[in-house]
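Student: There's a structure below that I have some questions on.
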Amino acid sequence: MREWREQSQGFEDAPYAYQYATLYDLIELARGKKNALIVALDHITDVGNLGAIIRSAEVVGATGVIIPKKRAAGVNNTVYRTSAGAVEYIKIAQEANITQSLKRLKDEGFWVGAASATAPTSLWKAPIEGRLVVVMGAEDTGISRLVRQTCDFEFKLPQQGFTQSLNVAQAWTAIAYEWLRRAQ
């Protein structure tokens, strides 16, 4: 840890030039795999949440992350730090049209599920296994109408407490580990 701190002195001020992957890169990485997980983020603007989502995706062995080119957080120094460097080990595709990307992934044999607090089905009963894209929406606006209509199913995290919900990064982590549990 000390070595990283020494190397990162002044890191906050230095520009971080991340080389984004393409949707094609993610498809190629998943080709031939029985289990492949991709998280598609629908306008997540908080860089802390983006970094935490990337970190959890990499830890469970996800194939990649898809983010929009506009009106969303991109990979920067804060995302690098929040992800604990996971951005270096997982492919992140920045796409102009998330809906079209989801349709392409469906053509490649992926199921697409939307995480939504208002969904009728619990995560425990949802088909969270195999070749899967999980769509996570912004905390304030959720998943956009067109993206939601492209999804094959919706699910929610079960809860018993009084708090309305988890934040998007925490919710993604719970979903990612349920996928991993079923994949093993």
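The values are calculated or read from the model by the stated rules, or taken from the named source; none is laboratory data. This is a predicted model, so every value here is computed, not measured. Cβ atoms come from the backbone with ideal geometry, glycine included; neighbour counts cover every protein chain shown. All accessible areas refer to the heavy atoms of the entire protein, side chains included, with ligands and DNA or RNA removed. Shrake-Rupley method; radii C 1.70, N 1.55, O 1.52, S 1.80 Å.
Student: For residues that are open to solvent by 90 Å² or more (accessible area, probe 1.4 Å), without any contact (Cβ under 8 Å) to a residue 40 or more places away in the chain and not polar (S, T, N, Q), tally how many sit in region 97-123.
Tutor: 2
Student: Going by the structure shown, is residue 126 open to solvent by less than 50 Å² (accessible area, probe 1.4 Å), modelled with pLDDT under 95 and farther than 25 Å from residue 47 by Cα?
Tutor: For residue 126, the condition - open to solvent by less than 50 Å² (accessible area, probe 1.4 Å), modelled with pLDDT under 95 and farther than 25 Å from residue 47 by Cα - is not met.
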